[in-house]
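The values are calculated or read from the model by the stated rules, or taken from the named source; none is laboratory data. Model, not experiment: these values are computed from the prediction. Every residue, glycine among them, receives a Cβ derived from its backbone with ideal geometry; neighbour counts consider all protein chains shown. Protein only, heavy atoms only, side chains kept; ligands, DNA and RNA dropped before computing areas. Shrake-Rupley method; radii C 1.70, N 1.55, O 1.52, S 1.80 Å.
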Amino acid sequence: MKRLLGLDRTFLWALRGVLRVFVRANVVPKDALVRLHGRTRPLLYVLEERSVSDLLALEQACMNGGLRRPAKRLQLRELRLPRSVVAMERRAGVLRRRADRRTPPELASAVTAAGMDPALALDIVPVAVYWGRAPQRERSWLRLVLSENWALVGPFRRMLSIVFNGRSTLIRFGEPRALRSYSASGTDGARGARRLLKELRAEFRHMRADTLGPDLSTRRAIVAQVLRTRAVRQAVRQEIRDPKSSRRDGLRAARRYALEIAADYSHTFVRVAERVLNRMLTRVYEGVEVRNAEYLDRLPPACEIVYVPCHRSHIDYLLLSYVIYQRGYAVPYVAAGINLNLPVIGRFLRKAGAFFIRRSFRGSGLYPIVFMKYVDVMMNRGHALEFFIEGGRSRTGRLLQPRTGMLSMTVRSFLRDARRPVAYVPAYFGYERLLEGESYIDELSGRPKQQESWGGLMRVLPQLRRQLGRVFISFGEPLLLDGVLDGMKADWRNDVKDENARPEWFGAAVDTIAFEIMRRINGAAAVTPINLLSVALLAAPRQAMIEHDLEKQLQLYIDLLRAFPYSPDVSVAADDGASIIRRVEQMGMLERRAHPLGDVLRMVERNAVLATYYRNNVLHLFALPSLVACAFLNNSTMRHEDVHRLVWRVYPYIRAELFLRWREDELTGAVDGVLAALAEHGLLERGADGASWRRPTTGSAEAVRLSVLAQATIQTIERYYLAIALLLRAGRAVLTLEALEKRCVTMAQRMSMLYGLAAPEFFDRAMFRDFIALLCQRGVILLDNEGLLTYDDMLFAVAEDARIVLSEQIRNSILQVTHS
């Protein structure tokens, strides 16, 4: 090792012992060592700089992963290297302060040998070692010493970094690249070595940006950059048309808006917050389980990452940033509502990377321009972003319709400069118990939403003393923006000439991207025991079941998710029905009443309303099997084509409501898959003619389970039938869209009161609005010249199909309410 580092083996042996005491390295990607272990070609590691500590950290990681030690000699045919590792940059000069960036001779020798010997096979693996992670902008000498940054450091500072930050060390392995691709037969290899060196430097920059975030400027410098943009200056000129306002007044207003928006990221604060969060999450949750994080490791290099999670709880902000940081990636900048900009709390959130957005852009033409340019600047600098595409927290447990404001800003920023690929990374949160569960119960019961305040925070703090079970964070398949645009319009790059122009296809593209993101969020669902229990008990009369029957029903749900998987990214945190019951009882959310013929289980009364929330989290997973089961509620036998027709009639509306994954042209195959899965579990039987399906004998255990499965979507069909029945009763050209929507809400509330429907979404105004809008979009109902609703015979066909699915009792109940 003398030739590489100038140290004898004894001294290096002692250093290895010291590093074992101070260093605990995390490897990123998590499976990097496993993948490298499975490669057949020998490996030549490339470090970013010549450093004893980096080499020993790499050596320790390789030994832990069962790989060949990089300190060993590399002898491969005509290639002879003293070690299996190369330092890309070295120190030169008398004081060793100048960086020598010339091509390392070992690298040039390897490329030359590959050109001379076509049989020589070798893989180059870039490896970066980070001793603590911190962007550039901290001014404190001690902080600069203790944390990794964008500058290469000297031996003394590296020694202090090892002592203080050794347990926060991260080793990032790049993608192996074949040496053969850089060599040309019979050449000296200089040109290929330079090309390899250029690519390695670019990859090291990308790895450093992924790990530390881009090289940070101060908040003031970023605000100044936003104010210098042409769009902001044009908006200022528009703002000062009032003779009493000056240009200076307009710039002051723009600066005030920019400071209201901008984050004030501090890695020191993030490091402290990470430790505090680690203690808090360990106390509050039994575990934070991360699923499908491998998607982050497979993103394209130099990719602009935009995280788009669903929004269940205020703790979502903290959890996702915590998991991303623990995974070895830079903390994203999070778009937070201005209502969270509370005294002290707002400052802490800014330090953690939050930037604030107003709920509405109305009232000022300058504010939206400043906000858009801030997002534009952050994306151009390569900062990872995060925003909640639903806009706010869902109170019903379903995904809300997407708010496309932030999404359209990120798309427009990409269109202005499409050199850096943009990837939207969906994320799903699955909670066994919500932190805001009590307030959600009050809101779902009709009480007004409480505004965020210090008082509200104080009321939540006692909840942190309770155990909230486990929380699951599941990443969905990333969506590459350029791929979506290529699929919609192959020549989209030619349409983007003016940065302020809005192409005709832009709105449709944003809507398509939004729906696809929502679909992928649902596709990453993490199913908890409380989710499955809520689906089963809310389908039973009085939300109670005999323990044996409940166990079998839960087992059916688990088996269906395995036999007919909704998505490869869906995970189930339960093995069988009995373990689900034990788990929810242990959490105190299930009530047991002893009985000689079998114990009866039901939700604790206080949690009965909240159970609809947990059910709605995963309702999309069972929507299609439930729709198929609905066809057999009132029919013992159904022809194969009738089952398909009934599902096809309802599916477009449920797909839009629950963001289901199958397109309408894929529905036939999906329904066939459901029928096969139900038949496999004895819930359906194919007729002797092969063209019909028959349900089990009435009263049998299988018939009961099929009926309970159908209840998951029956209320949705009832809601649709209610809207259609009201329109048919009113007649053509009588109601406006708003009038029909209002009648639907009023009648649904009445039904809920009369028949004890505990699902708040049954009379949700937005649900009716979206359903009526989709009826118009599909041409089932029409608007005449006076804005009144009319319809043709297609609406009668829809109503007739509903008669096949809904029982006479339910239809009479709906018609009775509409008649009154």
Next item on the list: Could you size up the charge dipole of the chain around its Cα centre, putting +1 on the beta carbon of Lys and Arg and -1 on that of Asp and Glu, and report it in debye to the nearest 20?
Entry: 5020 debye
Check: For the stretch 550-565, in order, what is each residue's ³J(HN,Hα) by Karplus, 6.51 cos²θ - 1.76 cosθ + 1.60 with θ = phi - 60°, in whole Hz (x at glycine and Pro)?
Finding: 5, 4, 5, 5, 5, 5, 4, 4, 4, 5, 5, 5, 8, 6, 10, x
Margin query: How large is the direction-averaged shadow of the alpha-carbon convex hull of the stretch 648-749, in nm²?
Written below: 9.4 nm²
Next item on the list: Quick one: pull the percent of accessible area on the stretch 578-685 belonging to carbon and sulfur, 1.4 Å probe, ligands and nucleic acids left out.
Entry: 49 percent
Next item on the list: Can you check what the net charge comes to around Ala723, using other residues whose Cβ is under 15 Å from the Cβ of Ala723 (Lys, Arg +1; Asp, Glu -1)?
Entry: +2
Notebook entry, point to check: In 10 Å bins starting at 0, how do the alpha-carbon pair distances of the chain split up by percent?
Noted result: 2, 11, 19, 21, 19, 14, 9, 4, 1, 0
Check: Given the chain, what percent of its DSSP beta bridges are antiparallel, to the nearest 5?
Finding: 50 percent
Note to self: Rounded to the nearest 20 debye, what is the charge dipole size of the stretch 726-799 about its Cα centre when +1 sits on each Lys and Arg Cβ and -1 on each Asp and Glu Cβ?
What the structure shows: 240 debye
Check: Summing +1 for each Lys or Arg and -1 for each Asp or Glu, what net charge is found among the other residues whose Cβ lies under 11 Å from the Cβ of Pro402?
Finding: -1
Notebook entry, point to check: Largest first, how would Trp505, Trp131, Trp13 line up by accessible area (1.4 Å probe)?
Noted result: Trp13, Trp505, Trp131
Next item on the list: Return the distance in nm (one decimal) between the two label points of a simple spin-label model at Arg359 and Asp665, each offset 7 Å from Cα along Cα→Cβ.
Entry: 4.2 nm
Next item on the list: Normalise the Debye intensity by I(0) for the stretch 286-336, one equal point scatterer per Cα, no solvent, then take log10 at q = 0.23, 0.24, 0.30 Å⁻¹ and round to two decimals.
Entry: -1.05, -1.13, -1.57
Margin query: I need the calculated FRET efficiency for the pair Ala739 and Arg582, taking r as the beta carbon distance and R₀ as 56 Å, to the nearest 0.05.
Written below: 0.65
Checklist line | Spin-label pair Leu728/Arg750, simplified geometry with 7 Å Cα→Cβ offset, distance in nm | finding: 1.8 nm
Notebook entry, point to check: Given a cut-off of under 8 Å on Cα pairs at least six residues apart, what relative contact order in percent is computed for the chain?
Noted result: 9 percent
Margin query: Can you give me the % of accessible surface on the stretch 233-335 that is carbon or sulfur? Probe 1.4 Å, all protein chains present, nothing else counted.
Written below: 49 percent
Margin query: Suppose every Lys and Arg Cβ carries +1 and every Asp and Glu Cβ carries -1, with no other charges. What dipole size does the stretch 356-413 come out with about its Cα centre, to the nearest 20 debye?
Written below: 240 debye
Checklist line | Point-to-point label distance, Arg502-Arg298, nm (Cα→Cβ direction, 7 Å offset) | finding: 3.6 nm
Check: With each run of n ≥ 4 DSSP H residues scored as -39500 (n - 2.57), what mean residue ellipticity at 222 nm is computed for the chain after dividing by its residue count and rounding to the nearest 500 deg cm²/dmol?
Finding: -15500 deg cm²/dmol
Note to self: Spelling out what I want: for every residue of the stretch 575-592, take phi, set θ = phi - 60°, compute 6.51 cos²θ - 1.76 cosθ + 1.60 (Karplus), and round to whole Hz; glycine and proline get x.
What the structure shows: 9, 7, x, 4, 5, 5, 4, 4, 5, 6, 4, 4, 7, x, 10, 10, 10, 10
Next item on the list: Counting only heavy atoms of the protein chains, get the accessible area per residue of the stretch 549-615 (1.4 Å probe) and round it to a whole Å² value.
Entry: 45 Å²
Margin query: Please compute the per residue accessible area over the stretch 216-278 with all protein chains in place, 1.4 Å probe, rounded to a whole number of Å².
Written below: 59 Å²
